[in-house]
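Asker: Let me give you the structure first, and then I'll get to my questions.
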Amino acid sequence: MTYILTVNGTDYPVDADVTRNLLSVIREVVGLTGTKEGCDDCECGACMVLLDGRPVNSCSYLAVQAQGCAITTIEGLQSDGDLHPLQRHMLESGAVQCGFCTPGMIVSARALLDANPDPDDEDIRIGLSGNLCRCTGYARIIEAVRKTAAGDSG
Amino acid sequence: MRFTKAETVEEALHAMAAGARPIAGGSDLMVAARQGKSPLPESIVAIDRIPALSRMDADERGMRIGAAVSHAQLEVDPRIVADYTALADAAALVGSPATRHVGTIGGNIMNSSPAMDTGAPLVVLDGRVELRSLDRTRQIDISEMWTGPGQSVAAVDELCTAILLPERAPRSGSGYVRLEYRRAMEIAVVGAAASVTLAPDGDLLAAISVALTAVAPTIVSVEIPKEAIGRPVDDDLLDRIAVAASERAQPISDVRASARYRKHIVGVMARRAAASAFGRARGETIGVPLNRTAGIGAP
Ligand SMILES: Cc1cc2nc3c(=O)[nH]c(=O)nc-3n(C[C@H](O)[C@H](O)[C@H](O)COP(=O)(O)OP(=O)(O)OC[C@H]3O[C@@H](n4cnc5c(N)ncnc54)[C@H](O)[C@@H]3O)c2cc1C
Ligand code: FES
Ligand code: FES
C-alpha cells in the first residue's frame, strides 16, 4: 500500500505492506533510526514517538493508522543543530549511559512537559512510567526533566 | 490485509457488514498480533477518527461516552471525575501515558478480558452499551455484555458506538482499586469497584453495588445482603462486603497469584473500594486514582 506519513514536518511517501508497524516504517522506510526497538512488545518505551503531540509506542501501532497525523521522533526535537533543552539536560545530568532508552525517554518527557510545564517528581515518574531504563536507576533522568521544566540553562 | 479508514459510523458499519473488523487504538489487536497470539484480521476498518465516536456528551439523563474516547480523556474529564469517579480511577491506571492515549473505552469493553479495568466500574455505575449494525441499534446492560474470556454477546458486525451512564442519585460516590505489583504497565491481579448511595438525611446506606475484576471468567457483580440497606456504613458492614466479595470470587491460579490469595485479597480490595465510595458519597475529597491515594502498588 502507498501512503504519506508526515514525520517531523516532512511528508514521506511510503510504499509498505499494510501490516507493518509504525516503528519499522520510521526506521526502515523513512530512514530515521533514532527511534529504537527494545522489546517490540509495548513494554519498554524505547520506540516512543508523538502522534499529534501524544505519546505512542510505535512498535505496537499500525503505520497506516498514523496517516494524517503529525509524527514527531527524537530527530524532530533539535532545531538547526541546537539540542532541545531536554536533550542537553539529559547529557549534562549524566542521565545517559548505554543510551538505548534515551530517545524514548526524551520523547515521553517532551509530551509530559507540553501537557504540564511545571511537573513535580511524582508527575515526572508517572509521565515516564512507560519507559524502562536498565542502566541509570532513573534518578538522573528525573533530575534532567526537572531542570528542563525549571528552565535551567546550565 | 485490507485497511480502510472510516470517516463516519455508517462507513464503519458498511465495512463491518462486508467482513471488516474494527480497530480503534489497536493496543490489544496489535500486541496480540505481534506476540503471535492472534493474527491481524484479513480486513480492518479504522474507527479512531470518527468524530461522533470520540465525543462525550452530558445532559440531565446522564452521560454518553463515545466508544473511541481514550482512557486519557476519561481520567481528566471533570464530569467523569466528579460523578463517575470509579471510571476515572480505572482509566488513570491503564498501562502508561501512551497506552492511555491510544487505548479506548470501546476497545477495552469489546476485548472482553476479565482483567479489564473499566468493566467493574461500568457495572457498578449501571452502564449500558450501545451496539449498532446496519440493520439495528440496540442497548444492553453492561452486566450482560460478557460471556467468557474474550467473548461478548456482540455479533461480529456490531460496532460499539457508545457507553451510556445514567444520572447519579444525590449523595452517591464510587471508587475502583486494583491490586498491582508495579505502578505502571501492569494488569490487575484482582480489582474491585463499588458504588454507594446514602439516604437523603444521615449517613445510612440507601444503595450499594460491588463488582470484581480478574476473579472469574468475566467481570462479576457481588450480591450484597439486603440487610445492609438502611444501616450505617461501619466496619461491620465493610467486613460483610469483603466476605461477600471473597465468596463470589472463582479465581484461577497463574504466575501472578494463586487462586487462594486472589480470593482473599479481592475482599480487601472490595472493602477499600466501598469505604472510599462511601467517603466520596459523603463529600470527602479522595484523589483519583484511588490506587495512588490508598498507596496500593510499590512506590
Ligand atoms: C502495555 C499495555 C498495557 C495495558 N494495560 C492495561 C490496563 O492496565 N488495564 C486494561 O484494562 N487494559 C490494559 N491494556 C489493554 C488495552 O490497552 C485496553 O484494553 C484498551 O482499552 C484497548 O483499546 P484499543 O482501542 O487499543 O483496542 P483495539 O486493540 O483497537 O481493539 C480491541 C478489540 O476490540 C474491538 N473493538 C475496538 N473498538 C470497537 C468498537 N467500537 N466496537 C466493536 N469492537 C471494537 C477490536 O476489533 C478488537 O477486537 C494494556 C495494553 C498494553 C499494550
Ligand atoms: S519497542 Fe516498543 S515498547 Fe519496547
Ligand atoms: S541508559 Fe541504558 S537503558 Fe537507559
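Asker: When the range A:1-43 is examined, which residues are found to be at the interface with another protein chain (Cβ under 9 Å from one of its Cβ atoms) and either within 23 Å of B:S70 (Cβ to Cβ) or within 16 Å of ligand 1 (Cβ to nearest atom) (or both)?
Answerer: At the first step, the residues of the range A:1-43 found to be at the interface with another protein chain (Cβ under 9 Å from one of its Cβ atoms) are A:1, A:17-19, A:21, A:40-43.
A:V18, A:T19, A:N21, A:D40, A:D41, A:C42, A:E43, listed by residue number.
Asker: Looking at (1) at the interface with chain B (Cβ under 9 Å from one of its Cβ atoms); (2) in a strand (DSSP E or B); (3) farther than 18 Å from A:G127 by Cβ, find the lone condition where A:V56 falls short.
Answerer: (3)
Asker: Do we have A:L23 as near ligand 2 (Cβ under 7 Å from one of its atoms) and over 18 Å from A:L128 (Cα atoms) here? Give the steps one after another, and end with the answer.
Answerer: On the way: near ligand 2 (Cβ under 7 Å from one of its atoms): yes; over 18 Å from A:L128 (Cα atoms): yes.
For A:L23, the condition - near ligand 2 (Cβ under 7 Å from one of its atoms) and over 18 Å from A:L128 (Cα atoms) - is met.
Asker: Another question, then. Of all residues in the range A:122-137 being more than 9 Å from ligand 3 (Cβ to nearest atom) and within 11 Å of chain B (Cβ to nearest Cβ), which is surrounded by the most Cβ atoms within 10 Å (Cβ to Cβ)?
Answerer: Quick first cut of the range A:122-137, residues more than 9 Å from ligand 3 (Cβ to nearest atom) only: A:122-130, A:137.
Subset that is within 11 Å of chain B (Cβ to nearest Cβ): A:122-123, A:125-130.
Working: A:E122: 9, A:D123: 16, A:R125: 17, A:I126: 19, A:G127: 24, A:L128: 27, A:S129: 20, A:G130: 24.
Top of the filtered list is A:L128.
Asker: Of these, B:R138, B:R61, B:R128, B:R132, which one is farther than 30 Å from A:V107 by Cα and modelled with pLDDT under 95?
Answerer: Details: B:R138 fails: modelled with pLDDT under 95; B:R128 fails: modelled with pLDDT under 95; B:R132 fails: modelled with pLDDT under 95.
Going through B:R138, B:R61, B:R128, B:R132 in turn, just one is farther than 30 Å from A:V107 by Cα and modelled with pLDDT under 95: B:R61.
Asker: Does the range B:286-296 contain any residue that is in contact with a Lys or Arg (Cβ under 9 Å, 6 or more places away or on another chain) and among the polar types (S, T, N, Q)?
Answerer: Yes: one or more hits.
Asker: Within the range B:168-183, identify whether any single residue is modelled with pLDDT of 95 or more, among the aromatic types (F, W, Y), in the same structural domain as B:I229 (by TED's automatic domain parsing) and buried (at least 24 other Cβ atoms within 10 Å of the Cβ), and answer yes or no.
Answerer: yes
Residues checked against (1) more than 14 Å from chain A (Cβ to nearest Cβ); (2) assigned to a loop (DSSP other than H, G, I, E, B); (3) at pLDDT below 95:
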| residue | (1), (2), (3) |
| --- | --- |
| B:S27 | no, yes, no |
| B:G36 | no, yes, yes |
| B:D48 | no, yes, no |
| B:D57 | yes, no, no |
| B:I80 | yes, no, no |
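Asker: Looking at the range A:82-114, which of the residues that are surrounded by fewer than 17 Cβ atoms within 10 Å (Cβ to Cβ) and not in a helix (DSSP H, G or I) is farthest from ligand 1 (Cβ to nearest atom)?
Answerer: Checking each candidate, the answer is A:D82.
Asker: Does B:R21 satisfy being surrounded by fewer than 20 Cβ atoms within 10 Å (Cβ to Cβ), within 13 Å of another protein chain (Cβ to nearest Cβ) and within 17 Å of A:A63 (Cβ to Cβ)? Before the answer, list the steps.
Answerer: On the way: surrounded by fewer than 20 Cβ atoms within 10 Å (Cβ to Cβ): yes; within 13 Å of another protein chain (Cβ to nearest Cβ): yes; within 17 Å of A:A63 (Cβ to Cβ): no.
Against the criterion (surrounded by fewer than 20 Cβ atoms within 10 Å (Cβ to Cβ), within 13 Å of another protein chain (Cβ to nearest Cβ) and within 17 Å of A:A63 (Cβ to Cβ)), B:R21 does not qualify.
The values are calculated or read from the model by the stated rules, or taken from the named source; none is laboratory data. Remember, it's a predicted structure, so these values are computed and weren't measured experimentally. Every residue, glycine as well, gets a Cβ built from its backbone with ideal geometry; the counts of neighbours run over all protein chains shown.
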